[in-house]
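Accompanying notes for the structure given below.
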Amino acid sequence: MSKFIQLHLLTSYAPSNLNRDDLGRPKTAKMGGFDRLRVSSQSLKRNWRVSELFEEAMIGGIGVRTKKLGEEVFNTLVTGGVKEKQATTWASSIAGVFGKVKKDKPLEIEQLAHISTAEKQAVLALAKLLCHEQREPSADELKLLKADRTSVDIALFGRMLASSPEFNVEAACQVAHSISVHKVLVEDDYFTAVDDLNDGKTDTGSAHIGEANFAAALFYSYICINKTQLVENLGGNASLADNAIKALTEAAVKVSPKGKQNSFASRAYASYVMAELGEQQPRSLSVSYLKPVQDEDMADAAITAIEKQAANFDAVYGKCADARYTINAVKGEGTLNELLDFVAK
């Protein structure tokens, strides 16, 4: 039976535009018949994965998502004395291991590929060997490039290589879209910019006029980690899995989406976190907010709602977790260090 770690977070953001849609407006979704502010799971995972906090905790364990691996190989080959025509052909063969190469751009693959640290090192080592021996890569050498896939972010979030499904990785971590616990109205900010060198003698108007959209919200976020799957993805390295879980938890608690940061300084820590451990079938607690929170003390009301819903699930279905730990920054209860130790048990 798999061991699951579930994280339920409440994070408050002042007016901001954390995650934009195709029109540049904050993303929204209907829930309980009302418009809610939303941050996509893709945005959350991206910001956690590339954050300094996560990278520092997982030194040497973070992969890269790219279409342009062939360009790096090409540059290595050319620098090593390989003629450009040969370098293009050889680099294209190596890039083709991770995806279908574009016809018009032989150094790029058609889809983003998630490449582990070990795989990238193997690619560059092969490129240097080809430079030294002045020859093209063999079929066996190309096949060995995907033999190692232990980067932590790949183990957590998975990967799909359509050209080589045997190297796909089942994600050990599932992340829901964050949703506001209350109804929202996206507002407009009308602004102007002044030309500092305009003396006002001939033109007294603004140099620029613009409009930006924003909204404020208290978000509910849900993360589910299958620890059994994570350890398996990491080749049985339980210690590395524990470090990955701690790093991901801290990033989820502290790291904010980067949308319009310079305009809104939208940085926030989670105000509340409930962590659950157990072999029980996971479940989100989003139903706590199917009815929008309208209390003036919104944070306290949201915490009360989620704790009541967790207790109600326990009453109806039996114990839904073997152990729980909460931190409540609204009341100053619990500590982050104890939370991290708890999730890595």
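The values are calculated or read from the model by the stated rules, or taken from the named source; none is laboratory data. Just so it is clear, the model here is predicted, and its values are computed rather than measured. All Cβ positions, glycine included, derive from the backbone under ideal geometry; neighbour counts span all protein chains shown.
Restricting to region 282-298, count the residues that are crowded, with 17+ Cβ neighbours inside 10 Å, closer than 14 Å to residue 221 by Cα and among the aliphatic types (A, V, I, L, M).
Of the residues in region 282-298, 1 are crowded, with 17+ Cβ neighbours inside 10 Å, closer than 14 Å to residue 221 by Cα and among the aliphatic types (A, V, I, L, M).
One residue is enough: does region 128-149 have a residue meeting the conditions buried (at least 21 other Cβ atoms within 10 Å of the Cβ) and within 27 Å of residue 246 (Cβ to Cβ)?
yes
It is to be established whether one or more residues within region 95-112 are surrounded by 15 or more Cβ atoms within 10 Å (Cβ to Cβ), part of a helix (DSSP H, G or I) and at pLDDT 90 or above.
Yes - at least one qualifying residue is present in region 95-112.
Does any residue of region 40-57 turn out to be more than 18 Å from the chain's Cα centre (by Cα), of a type in the set (Phe, Trp, Tyr) and over 19 Å from residue 161 (Cβ atoms)? Outline the logic, then answer.
Initially, region 40-57 is screened for residues more than 18 Å from the chain's Cα centre (by Cα), giving none.
No, the conditions are met nowhere in region 40-57.
So which helices (runs of 4 or more DSSP H) are wholly in region 1-94 and hold at least 1 residues that are touching a residue at least 60 places away in the same chain (Cβ under 8 Å)?
Ranges flagged: 41-49, 52-57.
So, in region 46-77, of the ones that are in the same structural domain as residue 93 (by TED's automatic domain parsing) and among the acidic types (Asp, Glu), which residue ends up surrounded by the fewest Cβ atoms within 10 Å (Cβ to Cβ)?
Among those that are in the same structural domain as residue 93 (by TED's automatic domain parsing) and among the acidic types (Asp, Glu), it is 71.
Only one residue in 275, 268, 252 is more than 30 Å from residue 318 (Cα to Cα) and modelled with pLDDT of 95 or more, so which one is that?
Going through 275, 268, 252 in turn, the sole match is 268.
Test residue 316 against the criterion of being under 25 Å from the mean Cα position of the chain (by Cα), in the same structural domain as residue 40 (by TED's automatic domain parsing) and in a helix (DSSP H, G or I), and give yes or no. Working first, answer last.
On the way: under 25 Å from the mean Cα position of the chain (by Cα): no; in the same structural domain as residue 40 (by TED's automatic domain parsing): yes; in a helix (DSSP H, G or I): yes.
Answer is no for this residue.
With of a type outside the set (Gly, Ala, Ser), free of Cβ contacts under 8 Å to residues at least 24 places away in the same chain and on the phi < 0 side of the Ramachandran plot as the only criterion, which of 316, 293, 273 stands out?
It is 316.
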